[in-house]
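Take a look at the structure set out below.
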Amino acid sequence: MDAMADPLVACDGNERVLYLNPAAERLLGWKLMELAGQPFELLVPQRLHAFDGQSFLRYLLRRRRALSGRPVRASLLCRGGPELELEVTVGAAESEGGERITVVLRRTPEFPDYTDEPLERLSSAVRTRALHPASTGERVYQLVFENAPMGLFHFDTTPTLLACNDYFVRLLGSSKRALIGLNLFSLQNESIMTCVREVLEGRHASYEGDYRSITAGKVTPVRVHFAPCLNECGEVEGGVGIVEDVTEQRTAEAERSRLFREAQEAIRVRDDFLTIASHELKTPLTPLSLRLASLERRLERHEPVDPTLLRHARQHLVRLAALINDLLDASRIEAGRLALHFEPTRLDSIVERALTVMDAERGQHRIDYSHPEEPVRIRGDPYRLEQVIANLLENALKYSPGDSTVRVTLDVRGDFALLSVADEGIGIPHDQQEQLFERYFRARNVSVTSYGGLGLGLYISRDIVERHGGRIWVESEVGRGSTFYVALPLLSAASPTPPEPRPPTGSSQQVH
Ligand code: ADP
């Protein structure tokens, strides 16, 4: 009987407790030493003491035949007063010492099986209890305990869990059957055990962290407040705990710190950008003012003016204006206010205009241009598309050696015009190719030169191209060069789908 998993109480014919096995000790919180010789009625709530003038045990024994071995559902008292709903099976036998009554107890399953014969008397007793003024307080306690919107549990000094509510059970993903009777010192959580010890010494305690349910194997982030249960004499009779599920708070905190990190990163990027932008904007100013000063001197002295001086001054002004325009365009894109004016137009003419404008910047570079014989008609904003092409050309010149060739190719592919600008320059590392089109992005391969940029050109270009129903992407190899592609729908094409960038071949890679 000691080894039995089911709790068992044995009584003599006078219903005095002779024995209770360790499982019953755990369940009821009583020790054999305390109960031995005591009437079984100590375990029976007052309202169940008498049926038809018979004790609870005698009544069940009389009904034994009708029950034919099935348990009845009844509440029994644990040490300290809390009630436990249990399945009770009673048997009796004659032995040398006289009559022996055995009471086998089982915790009721989570979902009661109503095929059990209901114990009519008990249900009527429950009814009376609801009406009986003396038990109103107890009932209210029960209702509050069960319906509280937080996990509640109660343990005795052993410390065995004597009661817990449904919320607690749901929270920990376990079952009352598994939890009630559990010794809290058997929990594998040293911090919770420390709290329980504190409580049994009469102090409050709290725990915040993960709770790993041994029975359900579920981990729940919880906050638990423990308090001692003191009796009228101020002695600790056990403890009570309130458990909150802090999963949502944790998620909210994690989300808040993620947003905070993102905001900090955005501020850092913007700060870096402001430093770079101020630098870039200042760069043309010194040579510009030097040239203007030199012009001024010459004019004062009535000396002849060197036209290259003027041309250089103008180039620096143009550079300054381009930087300012990029800044304005980027902020217009941010605000969704970059206006495009669509009209039927010829892409080949736009490319030629961009090439003419960029010719002044070409230096020692060779620029090869090939295009179809036929005009390439599209619907678009000629000014903005020229800006895109000029930006690609400018980058190709900027990021490739002075004596290399830049190849510009215009072609027609199905419903699309395909423009490519290929250089033999420094190339772009694969891991950075996707980011090129992001705002403020400057590839790490570019050592800061006097001719740097703001990292806005490709960001603006992508917005313009995509608003034309097109795509822009890059294939590049460090040390070998880069090719930027722009695909735009032809005028004849009715809302076509832009071609997918070709799959990576060898070590080259495309974006967008
Ligand atoms: P930027 O004004 O800085 O050139 P872009 O948006 O036009 O801004 O380009 C973003 C970054 O992409 C550049 O800083 C550069 O690192 C890289 N990049 C663009 N075009 C090329 C190219 N043809 N070759 C190598 N790197 C390039």
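The values are calculated or read from the model by the stated rules, or taken from the named source; none is laboratory data. The shown structure was predicted, so the numbers you read here are calculated from the model rather than taken from an experiment. A quick note on method: Cβ atoms are made from the backbone with ideal geometry, for glycine too, and the neighbour counts reach across all protein chains shown. These area figures cover heavy atoms from the full protein model, side chains too; ligands, DNA and RNA do not enter into them. Shrake-Rupley method; radii C 1.70, N 1.55, O 1.52, S 1.80 Å.
Entry note, the chain: relative contact order of 8 percent, from Cα contacts under 8 Å with a spacing of 6+ residues.
When you filter the trypsin sites (Lys or Arg not before Pro) in region 354-420 for DSSP loop state and at most 15 other Cβ atoms inside 10 Å of their Cβ, you are left with Arg362.
Can you give the Rg to Rh ratio for region 234-274, taking only C-alpha atoms and Rh from Kirkwood? Can you show the working numbers first?
Details: Rg = 21.2 Å, Rh = 13.8 Å.
So for region 234-274, dividing Rg by the Kirkwood Rh gives 1.53.
Sparse packing (at most 13 other Cβ atoms within 10 Å of the Cβ) combined with a DSSP loop state is found for the following GluC sites (Glu not before Pro) in region 11-101: Glu96. Under a 5 Å amide H cut-off, with hydrogens placed 1.01 Å from N, Thr158 pairs with nothing among residues at least 5 apart or on other chains.
Could you please state, rounded to a whole Å, how far the C-alpha centre of region 62-83 is from the C-alpha centre of region 299-322? Comparing the Cα centres of region 62-83 and region 299-322, I get a distance of 106 Å. For the chain, the alpha-carbon coordinates run over 136, 55, 44 Å along the three principal axes, in decreasing order. Here the Karplus curve 6.51 cos²θ - 1.76 cosθ + 1.60, taken at θ = phi - 60°, turns the phi angles of region 138-155 into couplings of 4, 5, 4, 4, 4, 5, 4, 4, 6, 9, 4, x, 7, x, 10, 8, 9, 9 Hz, with x standing for Gly and Pro. Taking the protein heavy atoms of the chain in the context of the full set of protein chains, the accessible area attributed to carbon and sulfur is 54 percent at 1.4 Å. Annotation note: GluC sites (Glu not before Pro) in region 231-262 located in DSSP loop regions with a Cβ neighbour count of at most 13 within 10 Å are Glu232, Glu235. In summary, the aspartates and glutamates within cross-link reach of Lys398, defined as a Cα separation below 18 angstrom excluding same-chain residues under 8 places away, comprise Glu280, Asp326, Asp359, Glu361, Asp368, Glu386, Asp423, Glu424, Glu475, Glu477.
Ignoring ligands, DNA and RNA, what accessible area per residue does the chain give at 1.4 Å, in Å²?
Working: 27540 Å² over 512 residues.
Normalised by residue count, the accessible surface of the chain is 54 Å².
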